[in-house]
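Taking it in order: structure first as structure tokens, then the write-up.
Coordinate-derived values only; no laboratory data. All figures in this text were calculated on a predicted structure; none of them were measured in a lab. Please note: Cβ atoms are built from the backbone with ideal geometry, for glycine as well, and neighbour counts cover all protein chains shown.
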Amino acid sequence: MAIKSKIRTVPHYPKQGIMFRDITTLLKDPAGFRTTVDELAQRYAGVKIDKIAGIESRGFILGAPLAYVMNKGFIPIRKKGKLPAETIGHDYELEYGTDRIEIHTDAIQKGEKVLLVDDLIATGGTAEAACKLIEKMGGEIVECCFIIDLPDIGGHKRLEKLDHKVFALCEFEGD
């Protein structure tokens with residue numbers, strides 16, 4: 001099954017000129033969703049992974065079932081103020097301002113191997129911040145894994161320049 005064929009493109013969302021890649025059409029298709037999780041589970045079978053971290057919010061949708069299938073713990077990486085216990089955070093730059101992501105202080109033990117998961121890599125800013133946060137906790141990034149890569153925007157290369165491996169199930173050229 002071609003996962004890419006199950007992803008809808010919504011022109012001019014959220015603003016004029018953007019071609020939004022919408023995974024909700026992939027997720028609502030039982031075979032497409034299962035294939036997505038199964039392909040990633042197969043990719044990482046036999047790889048030393050202790051935990052799977054998903055970036056809010058669509059990284060949860062992919063990361064949690066992947067963690068379940070692989071029998072690994074799941075770590076939610078959330079926006080500021082969303083986690084109930086003690087957290088550690090990392091601030092990062094946005095196009096117009098800054099944002100912050102956080103994880104619980106007990107989420108990762110030093111030396112644990114962590115697979116980072118999200119739905120899409122565009123500029124790579126949030127994924128880079130998540131990697132820095134995981135490393136701040138003493139975790140080691142196994143790979144940064146996505147359903148979609150938008151290679152023309154440069155996030156894939158941005159993460160590779162920081163010595164992170166990057167994988168995506170499919171690519172869409174352009175914005």
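Yes/no per residue for (1) touching a Cys at 6+ places or on another chain (Cβ under 8 Å); (2) exposed (fewer than 12 other Cβ atoms within 10 Å of the Cβ):
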{"residue": "P11", "(1), (2)": "no, yes"}
{"residue": "D50", "(1), (2)": "no, no"}
{"residue": "K72", "(1), (2)": "no, no"}
{"residue": "K82", "(1), (2)": "no, no"}
{"residue": "L115", "(1), (2)": "yes, no"}
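Does region 15-25 contain at least one residue that is under 17 Å from the mean Cα position of the chain (by Cα) and assigned to a helix (DSSP H, G or I)? Working first, answer last.
Kept after step one, since they are under 17 Å from the mean Cα position of the chain (by Cα), are these residues of region 15-25: 20-24.
Checking the rest, the ones that are also assigned to a helix (DSSP H, G or I) come to 24.
Taking every residue of region 15-25 in turn, at least one turns out to be under 17 Å from the mean Cα position of the chain (by Cα) and assigned to a helix (DSSP H, G or I).
Testing I61 on (1) out of contact with any helix residue (DSSP H, G or I) (no Cβ under 9 Å at 6 or more places or on another chain); (2) among the hydrophobic types (A, V, I, L, M, F, W, C); (3) crowded, with 16+ Cβ neighbours inside 10 Å, one condition comes back false. Which one is that?
(1)
Filter region 117-130 for residues that are out of contact with any Asp or Glu (no Cβ under 8 Å at 6 or more places or on another chain) and under 20 Å from R43 (Cα atoms); which is surrounded by the fewest Cβ atoms within 10 Å (Cβ to Cβ)?
Among those that are out of contact with any Asp or Glu (no Cβ under 8 Å at 6 or more places or on another chain) and under 20 Å from R43 (Cα atoms), it is D119.
Out of the residues in region 15-30 meeting the condition of being of a type outside the set (V, I, T) and surrounded by 10 or more Cβ atoms within 10 Å (Cβ to Cβ), tell me which one is nearest to A2 (Cα to Cα). Don't jump to the end; show me each part of the working.
Filtering region 15-30 for residues of a type outside the set (V, I, T) gives 15-17, 19-22, 26-30.
If we keep only those that are surrounded by 10 or more Cβ atoms within 10 Å (Cβ to Cβ) as well, we get 19-22, 26-29.
Values: M19: 20, F20: 19, R21: 15, D22: 15, L26: 10, L27: 14, K28: 15, D29: 12 Å.
Across region 15-30, the extreme among qualifying residues is L26.
Quickly run through region 46-64 and pick out the residues that are under 17 Å from E102 (Cα atoms), touching a Lys or Arg at 6+ places or on another chain (Cβ under 7 Å) and among the β-branched types (V, I, T).
So the first thing to find is which residues in region 46-64 are under 17 Å from E102 (Cα atoms), and the list is 51-60, 63.
When the remaining residues are screened for being touching a Lys or Arg at 6+ places or on another chain (Cβ under 7 Å), the result is 51-52, 56.
If the condition is that a residue be under 17 Å from E102 (Cα atoms), touching a Lys or Arg at 6+ places or on another chain (Cβ under 7 Å) and among the β-branched types (V, I, T), then I52 is the only one that fits.
Give the residues of region 117-175 that are in contact with a Ser or Thr (Cβ under 9 Å, 6 or more places away or on another chain), closer than 19 Å to I101 by Cβ and hydrophobic (A, V, I, L, M, F, W, C), sorted by residue number.
M137
Please go through region 44-80 and pick out each residue that is under 24 Å from A2 (Cα atoms) and either acidic (D, E) or in contact with a Phe, Trp or Tyr (Cβ under 7 Å, 6 or more places away or on another chain) (or both).
Matches in region 44-80: G54, G63, A64, A67, M70.
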